[in-house]
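The structure under discussion appears below in the form of structure tokens.
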Amino acid sequence: RWFWAGGAMKPVSIIVVAAGFFLGSIGNATAEWSLNTGIEYLQWRESTAPSVTEKGGLLTLGLNWTLDKETGWLAAYRGKIYGGYAEYQGAFQFSNQPTSDTTTYKGITNEVQAIYRALYGANELSVDYVAGVGWDYWIRSIGLVTTQEEDYGIAYGRLGINLNSRTEHGVFGGGGVKYPFYTQEDAHFTDAGFDQDPTLHPGKLISGYAQIGYRFDDRNDLILYYDGYRFSQSNTVFLTSQFAPGVTFFAFQPKSTMTIIGLKYQWNFR
């Protein structure tokens, strides 16, 4: 939701799809590829009074590439496209009158990773120490007929561990932390009648992620995971409008949280 002096506008969010990139083989090493598809439960919350909440489902399609080495340093790529609908529940800022609508989400994520793989114990339990950098870009559009939109572009870093990722049968998992080191939000202020369209930069907060999976054989995985973002309040921008000469408006993105709980089936090419 973004606000202006004298009233509060109905929240808007958005995405523009970014282009993915290609990771080739390194040297003579072989690579592992996997495709996955699944469903995600999305929850978006904004810390406002009255509050804003969106809940809904997304469909996902992903592609993974990992350098195939038993131990040592290796590279990886993780890509995903996603889209779906959420139920918007909120209220107008000053009247407190409840309002609801449907929000559409569309997005793409690209991430490159540097992994150090170690083996421990007599059973050679694999432990992957993961550092990643990614770009997540999504469109959030409120309303199916008359829409309001915001575009979010988030550059983030990831630190974590993966356990037992090389197993041919059984349980594997992992987790860690994410930090959005660069954020941008285009709220399309000119579409709402303002003279300017400045960029908002939601504040940066650490969030966690985790996954647990079961490998039925060397080809088939089922994975349950948790992910998301946490943002503090953005910078404040000042606006003018030809419909209100002499009046200066202000706008910002309030503290927001995105929570994702997903389940995906993954097919491995080994």
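The values are calculated or read from the model by the stated rules, or taken from the named source; none is laboratory data. As the structure is a prediction and not an experimental result, all values here were calculated from the model. Cβ: placed from backbone, ideal geometry, glycine included. Neighbour counts: every protein chain shown. Only protein heavy atoms, including side chains, enter the accessible area calculation; ligands, DNA and RNA are left aside. Shrake-Rupley method; radii C 1.70, N 1.55, O 1.52, S 1.80 Å.
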Hey, residue 82 over 29 Å from residue 238 (Cβ atoms), out of contact with any Ser or Thr (no Cβ under 6 Å at 6 or more places or on another chain), of a type outside the set (Gly, Ala, Ser) and at pLDDT 60 or above or not: no
Hey, residue 255 within 15 Å of residue 36 (Cα to Cα) and basic (Lys, Arg) or not: no
Single residue of the stretch 163-174 satisfying the filter (out of contact with any Ser or Thr (no Cβ under 7 Å at 6 or more places or on another chain) and in contact (Cβ under 8 Å) with a residue 40 or more places away in the chain) that is most open to solvent (accessible area, probe 1.4 Å): 168
Single match in 160, 134 (criterion: of a type outside the set (Asp, Glu), open to solvent by 10 Å² or more (accessible area, probe 1.4 Å) and within 30 Å of residue 217 (Cα to Cα)): 160
Candidate set: the stretch 238-270, residues that are more than 20 Å from the chain's Cα centre (by Cα), at negative phi and not hydrophobic (A, V, I, L, M, F, W, C); chosen: the one most open to solvent (accessible area, probe 1.4 Å): 242
The stretch 67-93: number of residues that are open to solvent by less than 20 Å² (accessible area, probe 1.4 Å) and either of a type outside the set (A, V, I, L, M) or more than 23 Å from residue 32 (Cα to Cα) (or both): 7
Filter result for residue 64 (under 21 Å from residue 153 (Cβ atoms), part of a strand (DSSP E or B) and touching a strand residue (DSSP E or B) at 6+ places or on another chain (Cβ under 6 Å)): no
Which numbered condition residue 241 misses (of (1) among the hydroxyl-bearing types (Ser, Thr, Tyr); (2) out of contact with any Gly (no Cβ under 8 Å at 6 or more places or on another chain); (3) farther than 30 Å from residue 39 by Cβ): (2)
Selection within the stretch 123-143 - on the phi < 0 side of the Ramachandran plot and among the small types (Gly, Ala, Ser): 126, 131, 132, 134, 141
Tally, over the stretch 109-120, of residues that are open to solvent by 20 Å² or more (accessible area, probe 1.4 Å) and among the aliphatic types (A, V, I, L, M): 3
